[in-house]
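Here, each number is a calculation from the coordinates, and none is a lab measurement. Worth saying up front: this structure is predicted, and the values here are computed from it rather than measured. Note that each Cβ is placed from the backbone with ideal geometry, even for glycine, and that neighbours are counted across all protein chains shown.
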Amino acid sequence: MASILPGFEYDIFISYRQKDNKGDHWVTEFVSALKTELEATFKEDISIYFDENPYDGLLETHHVDKSLEVKLKCLIFIPIISQTYCDPKSFAWQHEFCAFNKLAKKDQFGRDIKLSNGNVAGRILPVKIHDIDAEDKVLLENELGGALRSIEFIFKSTGVNRPLTPSDNPEKNLNKTFYRDQVNKVANAVKEIVTGLKTFDTPPARITSKPTPPSSNWKVPQPKLHVRKLLANSSAILLLMLLAGYLIFNFTPLGIRLHPEPIAKSIAVLPFLDMSQAKDQEYLTDGITEEIINSLTVINGLKISSRTSSFQFKEKNVDLKEIAEKLDVETILEGSVQKSGNRLRITVQLIRAKDNFHLWSEHFDKQTSDIFAIQDSIALNVVRKLRITLSENEIPRISHHETTQEAYTEYLKGSYAYQQENFGQSIEYNFRAIQQDSLFAQSYSAIALAKAWIILRAHDHGNAVAIDEAKKYARRSIQLDPYLGEGYSALALMAWAIEGDFSTARINFEKSIQLNPSSSLIKNRYGYFLMWMGDFNKACSLALEAMKADPADYNSYMILSRSKIYSGQFAEADKYLQEGSRLFPEQGFQHQIITREFYAGNYQKLIPILESRVQQNESLDHELLAFLCISYRKTGDIAKSSLIENQIRSNGFDSEGRHFSMAKIFAMDGRIDSCFNRLDRSCNNRENSFRLFKIEPAFDKLKSDLRYKKLYRRFGFDNY
C-alpha cells in the first residue's frame, strides 16, 4: 500500500527490537490496536510498515541499505523505545532509527515540520515502553539533537518497569494510564503530523526567501499618542534599550539565563579511590579510571588529560584547583569504588575546578555485572554536562562492548600488569579473558601490544613467529571491533619498530589517531616515528598537541627537543631541553643536552662533561663514547680519540648500537669505506639506532653515495 502523499512508500514505519515482541507479542498487539485507531481517525487508509520477520532485521540475502532505503521512505517513524532499543550495535538503531533521522533531514519536508497551530513537531514519534537508563536517554537526545518527547506505554508500581498492556488496571498504575488512551494519543499525533505535511509550505528552519517589499501606497502605522510621547524622549529610548537588552540576554520567562556561563570542554579523570575494606581492588579502580579516559579520548573537541597526567596525583592530597591549573583543564572527574562480594558502590562527581561547583554527582549501587553500564553512564553524563554533541561515528565508540564479568575482570588485571610493564603477566590475564569470551576485542589488542613490547625490549626483530603471533592478535581485535584504536596502534608499532614497514606504520597510526583523536600516547608514539622519518614539522605539531593534553608526559618534550636538534634549530631545542630537564630530571634530558652540544660543534665544552662522567665510573653508552671520541679528534687529541675508539671496538660484536656508533666516528673522520661497512652491519642486525640513519647529521655528506641510497632502500625508508 502506498503512502497518502505521493513519493513515499509508507505512511508509518514501526521500528523495534525483536526482543520486545517475544512472549506476549507486545509490539504486534500495539500495531494492531494502532491500525484500528487510525481507521477511526483518518478518512483515508494509513499504511504501516511493520517487520513481522521473527529475526532482528532483514534476511542475510537482502541488501540491507537498499532494501531499507525504500521502506524508510515514509512520513512518520515510530521507534518502540525500550531497555534494549538504544544499543548502538543493534540493527534497529543503526539501520532504522539513525538511518531515518539522516534521510528525513534531506527530503522535501525535513525532519521537523510546522503544524497548523504554529507549533513544530518531529516526524520521529517515539513510543516508550520502559523507563530507560540515563546513558540511553543521552544517546537518544544526541541523535535527535534535542530533548526526548515520547508517548509512554509504561506500567509503573514499586519495583516494576514494564510495558503497559490493555488488561492493566489504571488504578494500580502509578501513572493512572489507560492503554486505549495512549493508543489514541499516538493516532492523534500521527494525524497532526500528516495534516502538517499536507499543508506543508516551507519548514521553519529552511525559510530563505526575502520579505515581500511594501507597495508604493503602504504607510507606516502611526503609534498611539502616549507611545509617541515616550519615544520622543531620548532618555526613555535609552532606558528601554538597556532594559530590553538585559531581559533578552539574561532572563527567560522562567528566570533562567539564555546565555549561561560556557563550560570549557576539557577534563581530567583522577584515579578512583579504593574504598573496599581489604584495599585489594586497585586493579579495578585503576581499570575503571582508565576505561573512562579511553572512552572520552574518541571525542573530537574534548581535551582530556591522559592517564600519565591524571595518575601522577594518585593518593596525593592536592587541591582540585591546583590540579586543574597544572593539567590546564576546567573540569575534574573524581570517584571512589567500594566492592563487597558481587556488589559495587561507585560514587562519582564532576566538578568545575575554578569555583568547586559540582556539575553532576551520582551514586551507583549495582551488581559487578553492571560495570559496563556504569562506565558508559559516567562517560555519557560527562558528555551531556559539558554540552558536547556526539557525531554519528562517536556514539557507538563511547560505549563499551559488553563481555562477561569474568572476562572483564581478567582484562582489568591485565591492564594493571601492563601499566607496571609486566607484559608477560598482562598476556596471561588477557588469555584468561578470551578463554571466558572469545569475542572480547580489547583483550586481543592488549595481548598484541604486550607481545610487541616483549619483542622490542629483547631486540628480537628476527623472530618471525613471535611477530606473526602479535600481528594475528592485533588483526583479530580490529576484526571484532573496527572502532578499537588500540588494535591499529599495535599494528603501527610493529610495522614501524620491528618490521621497518613504514608505509603500513603510517597508515595504521593515522587510523588509530582518527579513532582516538585525544590520545596523547598515540600522538607521541606517532611523533617519534615521524621524527625518525625526518618529518620534523608534523612530529613537532603532534608533540605540541600531546603536550597540551598531557603536560605530565616527558615524551612530548623529548620529541620536540630532538627534532629541533636534528634539524639544526639549537636555540629552539634549548627551550624544550631546559623545561624537560626541569620537569623530568630522571628522563634522560641530560643526554639530549650533550647531543645538542655535540651537533652544535661545541667539542671543547663537551669534553670535560663527558670526562667527568667517565671519572665517576658512570657507564657511557656507545653514542656518548662516540661523542667523546670525535670531540677528542676534532680538538686534536688523536691519542685519546684512538683509545676511546678501541674501547668501543672491544665491547663485543653483539652489543646493541655499537656498529651505528662506530659508523658515526668513521663518517666524521672521513673514513667512508669503514663507515659503510659498519652501517651495513648495523642494518643487517636491525639495530634500534639505525632508525636514525635518515636524519643523522653525521651522514649528511654521504647522501650522494650510491651505497647510502642502497641502504636507504634496504631498510625501507623509501616506502614512507
Region 256-362: GluC sites (Glu not before Pro) falling in loop per DSSP and having at most 16 other Cβ within 10 Å | GLU315
So who's got an amide H within less than 5 Å of the one on GLY110, skipping anything under 5 residues away but keeping other chains? H placed 1.01 Å off N, in plane.
-> none
Fewest first, what order do LYS605, LYS73, LYS523, LYS303 take by the number of other Cβ atoms within 10 Å?
-> LYS605, LYS73, LYS303, LYS523
Over region 532-665, calculate the relative contact order: mean separation of alpha carbon pairs under 8 Å at least 6 apart, over the residue count, as a percent.
-> 14
³J(HN,Hα) computed for each position of region 327-343 - Karplus, 6.51 cos²θ - 1.76 cosθ + 1.60, integer Hz, glycine/proline x | 9, 6, 10, 9, 10, 10, 10, 10, x, 9, 10, 10, 10, 9, x, 9, 9
If LEU197, LEU164, LEU103, LEU706 are placed from fewest to most neighbouring beta carbons inside 10 Å, the sequence is LEU706, LEU103, LEU197, LEU164
For the chain, what proportion of DSSP beta bridges, expressed in % and rounded to the nearest 5, is antiparallel?
-> 55
Contact order normalised by residue count of region 603-720, Cα under 8 Å, 6+ apart, percent = 18
Please work out the C-alpha center-to-center distance from region 525-594 to region 116-166 and express it in whole Å.
-> 52
Hey, of (i) 1.08; (ii) 1.04; (iii) 1.00, which did the structure itself give for Rg/Rh (Cα atoms, Kirkwood Rh) when calculated?
-> (i)
Antiparallel DSSP bridges in region 266-392: what percent, to the nearest 5?
-> 75
For LEU273, list long-range residues whose amide hydrogen, built 1.01 Å from N in the peptide plane, is under 5 Å from its own amide hydrogen.
-> GLY335, SER336, VAL337
Over the chain, calculate the relative contact order: mean separation of alpha carbon pairs under 8 Å at least 6 apart, over the residue count, as a percent.
-> 7
Taking VAL190, VAL614, VAL120 and counting other C-beta atoms within 10 Å, the order from fewest to most = VAL120, VAL614, VAL190
Mind jotting down the distance between the C-alpha centroids of region 456-500 and region 345-384, whole Å?
-> 34
Could you name the lysines in cross-link range of LYS701, using Cα to Cα under 23 Å and dropping any fewer than eight places away on the same chain?
-> LYS564, LYS634, LYS664, LYS709, LYS710
Trypsin sites (Lys or Arg not before Pro) within region 308-380: which are DSSP loop residues with at most 15 other Cβ atoms inside 10 Å?
-> LYS314, LYS316, LYS354
Other-chain or far-sequence residues with amide H under 5 Å of ILE154's (modelled H) | LEU164
Rounded to whole Hz and in sequence order, give me ³J(HN,Hα) for region 666-672 from the Karplus expression 6.51 cos²θ - 1.76 cosθ + 1.60, θ = phi - 60°, writing x for Gly and Pro.
-> 5, 5, 7, 9, x, 8, 5
Which of the pairs LYS326/LYS385; LYS640/LYS703; LYS321/LYS548; LYS326/LYS523; LYS156/LYS339; LYS265/LYS314 have their Cα atoms more than 26 Å apart in this structure?
-> LYS640/LYS703; LYS156/LYS339
Which of the chymotrypsin sites (Phe, Trp or Tyr not before Pro) found in region 405-438 are in a DSSP loop and have at most 11 neighbouring Cβ atoms, other than their own, within 10 Å?
-> none
Apply the Karplus parameterisation 6.51 cos²θ - 1.76 cosθ + 1.60, with θ equal to phi minus 60°, to every residue of region 112-122 and state each ³J(HN,Hα) to the nearest whole Hz, in sequence, with x for glycine and proline.
-> 10, 10, 8, 8, 5, 8, x, 6, 10, 10, x
Mean ellipticity per residue at 222 nm, deg cm²/dmol - from DSSP H runs of n ≥ 4 across the chain, formula -39500 (n - 2.57) = -15500 deg cm²/dmol
